[in-house]
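Asker: One structure coming up, written as structure tokens, with questions to follow.
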Amino acid sequence: MRTFEVALWLLIAGWSLWWLVRPPKSKARAGLVAAAIVLLGVHVGHEGARLQLVPIYLTMGALTGLTAWRWQEPPARGSRTGWALPMLLVVVLLVAGALPALFPVFLYDTPGGKYAIGTASYELADRGRNRALVVQFWYPAAAGAQGRRAGISPRPEALADAYAAFTGLPRFAFDSLRLIKTHAIEDAPLSRARERFPIVLFSHGPGSGNRSQSIFQMEELASRGFVVAAIDHTGYASTTIFPDGHAVPVGPSFSWPVFVDARSTAMLETWVKDARFVVDELERLDTGDGRGLLTGRLDLSKIGYLGASFGGSVVVQALLDDPRLKAGLAQDGKPYFAEGTAASLHRPLMYMQSAAPYMNVSDAQLSQWGLNRARFKLAEQDHYLRQMRLFAGVDSPIYNVFIRRTNHVTFSDLYRIIRLPDAELMDVRRAHRIINDYTVAYFDRYLNGASPALVDGRSPAPYPEVTAIARNAAAGSVALAGPRAAPAGDGG
């Protein structure tokens, strides 16, 4: 909860308890009404009203009405009227405090790099495939850049619809999305601290994911001197919001990629073509960006690729297919690529793995997919074996970073948007710090030629939650870092 939300809740709670214990006298009641009105005005004016606080607003209205009704003669302590309404208010206050706490208007952690952050969205038309994509850039901005801070989405109501559909929660629960701000300045000029900046593509998860799902990473990379190009894979994202405001939902070509089959392979090929097209467009924008933002500022010799979930699967295949990509990082991405590709991968790859299975699938969901529990387990085992063959077979640097007390969703912002307590998971802010540290160190090494100890293949992991295994990363050695070896997991 935000500062004035907490203050308003405390005032209303204290007011309710006062009525419960000993109804206040007229002057005190007048003071409480005045204080509540002033605090409500400050809260709405400074922070913005939201649906999750409706119980607080209604409670304040009920208390004000009760005060006016009993202005001269407050109900006697212990009378039916004196006890009933305050008790009801106490129950309502419990709900009123829980809702904004579970669905907070949170602040993204301050990025650790030296650069300010800018963001800008481009619509890119692939006429050869009759396909339109949106790419949102997050980049190092000029120091002191002024302008409007970007929100979590240009159309938060459309994003709220998508999250509600994915989680099964009511839409009002995501009303807070419209109030969440990032650290980025919209359309800020790029920093002049260096002539050109390395690039990292980003691909989201399937169906429920979109380009806005992992802003915690977009901001960190931009603050560290990378231009991040976050791709919305139109028709496969939860919602793709175009610069003109229209939104495209998940399309008929999408299916949950459970098995390596014809449909998942078709999805993989489409997404890889999207990524290759975006690299083509980066070359065009660097030559002449009509908006003047990116012209001559992109280091096209240093392009990496980061993907989460199915986006991570796409990273591996794209590394195989496009020599312009110099390094890839797959977060909980299952190996949907074809057999026999391990010997063809000659560029660095990092697998970052959560500790829990990539999704907890109900029997009802399996039934919708035409599967049973046994067949789903076979798919999980097949993914694990494919990944192990890849890890054992390549001759290029390859990492497996296994992070305990995390799950598939940890690689996104969703646990910041919804604060559901889970004793089996570490605090999401710490998890994001670990994820960012490894991500930045990896791309610093393989795009910038730096030598961070975190990915040198020899140094122990500084986090007790992490086991990091590296092959071909340190003069051909096999290095083990961390308290104990761990399986690769079965990320999705």
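Asker: Under a 5 Å amide H to amide H cut-off, with H placed in plane at 1.01 Å, what residues pair with Val200 once short-range neighbours are removed?
Answerer: For Val200, the qualifying residues are Val227, Val228, Ala229, Gly304.
Asker: Averaged over all directions, how much area does the convex hull of the C-alpha atoms of the chain cover when projected, in nm²?
Answerer: Over all viewing directions, the chain projects a mean Cα-hull area of 26.4 nm².
Asker: Would you mind checking Lys273/Lys326; Lys181/Lys273; Lys273/Lys334; Lys114/Lys302; Lys114/Lys334 for any pair whose Cα atoms are more than 25 angstrom apart?
Answerer: Lys181/Lys273; Lys114/Lys334
Asker: Please give the peptides 330-336, 268-274, 137-143 ranked by average Cβ packing (other Cβ atoms within 10 Å per residue), highest first, as a rough proxy for protection.
Answerer: The densest-packed peptide leads the list: 330-336, 137-143, 268-274.
Asker: Here is a further query. What residues qualify as long-range amide H neighbours of Arg2, i.e. H under 5 Å apart, gap of 5 or more or another chain, H built at 1.01 Å from N?
Answerer: Val105
Asker: Short version: ³J(HN,Hα) in whole Hz for each residue of segment 407-413, in order, from phi by Karplus 6.51 cos²θ - 1.76 cosθ + 1.60 (θ = phi - 60°), x for Gly and Pro, what are they?
Answerer: Values per residue, Gly and Pro as x: 9, 4, 6, 4, 7, 10, 8 Hz.
Asker: Turning to a different aspect of this structure: Using Stokes-Einstein with the Kirkwood hydrodynamic radius over Cα pairs, what translational diffusion coefficient do you get for segment 212-318 at 10 °C and a viscosity of 1.306 mPa s, in µm²/s rounded to a whole number?
Answerer: 103
Asker: Let me spell out the model: positive unit charges on the Cβ of Lys and Arg, negative unit charges on the Cβ of Asp and Glu, origin at the Cα centre of the chain. What dipole size does that give, in debye rounded to 20?
Answerer: Value, rounded to 20: 1340 debye.
Asker: Determine the distance separating the Cα centre of segment 238-262 from the Cα centre of segment 366-430; give it in Å without decimals.
Answerer: Distance between centres, Cα-based: 21 Å.
Asker: If you don't mind, there's one more thing I want to ask. How far, in degrees from 0 to 90, does helix 54-69 lean away from the longest principal axis of the Cα atoms of the chain, to the nearest 10?
Answerer: Value to nearest ten degrees: 10.
Asker: Ordered by residue, what ³J(HN,Hα) values in Hz, to whole numbers, does segment 232-237 give under the Karplus form 6.51 cos²θ - 1.76 cosθ + 1.60, where θ = phi - 60° and Gly and Pro are x?
Answerer: 8, 7, 4, x, 10, 8
Asker: Apply the Karplus curve 6.51 cos²θ - 1.76 cosθ + 1.60, θ = phi - 60°, to the phi angles in segment 210-219 and return the couplings in whole Hz, x for Gly and Pro.
Answerer: Couplings: 6, 5, 8, 6, 9, 4, 4, 7, 4, 5 Hz.
Asker: Out of residues 5 or more away from Ile117 or on other chains, whose amide H comes under 5 Å of its own, with H placed 1.01 Å from N in the peptide plane?
Answerer: Residues meeting the amide H criterion: Ala141, Ile185.
Asker: Compute the Rg to Rh ratio over segment 107-193 from the alpha carbon atoms, using the Kirkwood formula for Rh, and round to two decimal places.
Answerer: Ratio of gyration radius to Kirkwood radius: 1.06.
Asker: Compute the relative contact order of the chain as a whole-number percentage, counting only Cα pairs closer than 8 Å that sit 6 or more residues apart in sequence.
Answerer: Values: 938 pairs, mean separation 59.7, N = 492.
For the chain, the relative contact order is 12 percent.
Asker: So for each of 435-441, 309-315 I average, over its residues, the number of other beta carbons within 10 Å; can you give me the resulting order with the highest mean first?
Answerer: Final packing ranking: 309-315, 435-441.
Asker: A follow-up question, please. May I ask you to order 60-68, 420-428 by the average number of other C-beta atoms within 10 Å around their residues, highest value first?
Answerer: So the order, starting with the most tightly packed, is 60-68, 420-428.
Throughout, read-outs are computed from the coordinates displayed, never taken from laboratory work. The shown structure was predicted, so the numbers you read here are calculated from the model rather than taken from an experiment. Here Cβ is always computed from backbone atoms with ideal geometry, including for glycine, and neighbour counts include all displayed protein chains.
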